[in-house]
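Okay, structure first, notes after.
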Amino acid sequence: MAQCFSPAEITEFEKILSRERIDYWKAIANDQRLATWRSRIKCPVPVDDSHAILLHEWNFALSSAFLATLQPFELSIRNHMHSAMSNYLKTDHWWGKHGNNKWEASDNIVGNYKEAVNDAIAIASRRAKGVTSGGVISELSFGFWLSLLGPSYDNPNSHPYWRQCFHSVFDKLGPSRRKDVYFDLERIIRLRNKCAHLDPIVKMDLQNEFNHIIYFCKKFSPETAKWIEDTSLLPGLLNRDWISALKKCGRLIGSAP
């Protein structure tokens, strides 16, 4: 049976990926959940080095597509939450306080994320514009926005932000519970981190994960959800068209059944 890669290419891939990593992906490729994938590309069992590398390439493509899909998602959710906090606290600098000619994290922020805000302020201060609200907001991580949906910000006596502003951000499909919004977003961030850290995602139900992103996005911005649906590469990568795309690159054996 023809190989996806020549022996010389596989030798080079051992230098790029390491023998340990290729063997790791061979084990993944043998997983029962990938039986359909093996059948569609005429992959031998047990899986050889060539097809393990091909699966790794496929994981690269999927991860890249998810990361691109989540860029407008992350921009949209942070700007919606930022707007809600700005309206509620009557300032777009709700994240900070200014004194002695410097900015620092506001008492509106609780726990370890005060340090994250201070780090964002430090980065923004090195720019030509200096510290601006947009400059600080753009430096705050996905995890920061998730933290604002945690129980610390659902305290009516000190930080009532869920009840006073965030609940109305996530009501476009009807009222939502804070815990549900938190865990829905946490699930998306876990997937994002898997993609960013080169972890295997090929054994996951990726269509379901994409559907979850769209569903959650509709809770706070149906317009963003539509934009993602119209532009994301994932639907094409998750259907049979990806076989034709890879065959054009000379990487597949046989024909799609």
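FYI, it's all coordinate maths here, none of it is from the lab. Quantities reported herein were computed from a predicted structural model and do not represent experimental measurements. Glycine also receives a Cβ, built like all others from the backbone with ideal geometry; neighbour counts cover every protein chain displayed.
Separation of region 180-217 from region 10-53 is 24 Å, based on Cα centroids.
If one takes the longest principal axis of the Cα atoms in the chain, at what angle in degrees, from 0 to 90 and to the nearest 10, does the Cα axis of helix 7-17 lie? The angle comes out near 20 degrees.
Taking 0.36 nm per residue of sequence separation and removing the Cα-Cα distance, the Met204/Lys129 pair yields an extension gain of 22.7 nm. For the chain, the Cβ-based charge dipole about the Cα centre amounts to some 340 debye (Lys, Arg positive; Asp, Glu negative; other atoms uncharged). Under the convention that each Lys and Arg Cβ holds +1 and each Asp and Glu Cβ holds -1, the size of the dipole of region 1-88 around its Cα centre is about 300 debye. Residue pairs exceeding 32 angstrom between C-alpha atoms, taken from Lys26/Lys219; Lys172/Lys194; Lys42/Lys219: Lys26/Lys219; Lys42/Lys219. Please give the residues of region 93-136, grouped as numeric ranges, whose backbone N is less than 11 Å from a label point set 7 Å along the Cα-to-Cβ vector of Ser158. Once the point is set 7 Å along Cα→Cβ of Ser158, 108-111 turn out to lie under 11 Å by backbone N, inside region 93-136. Taking the Cα centre of region 1-45 as the origin and placing charges on Cβ (Lys, Arg +1; Asp, Glu -1), which of Pro44, Ser18, Leu34 is farthest toward the positive end of the dipole? Most positive-ward Cα: Leu34. Values (1) 32; (2) 23; (3) 43 are given for comparison; percent of Cα pairs over 30 Å apart, derived from the coordinates here, is the one labelled (3).
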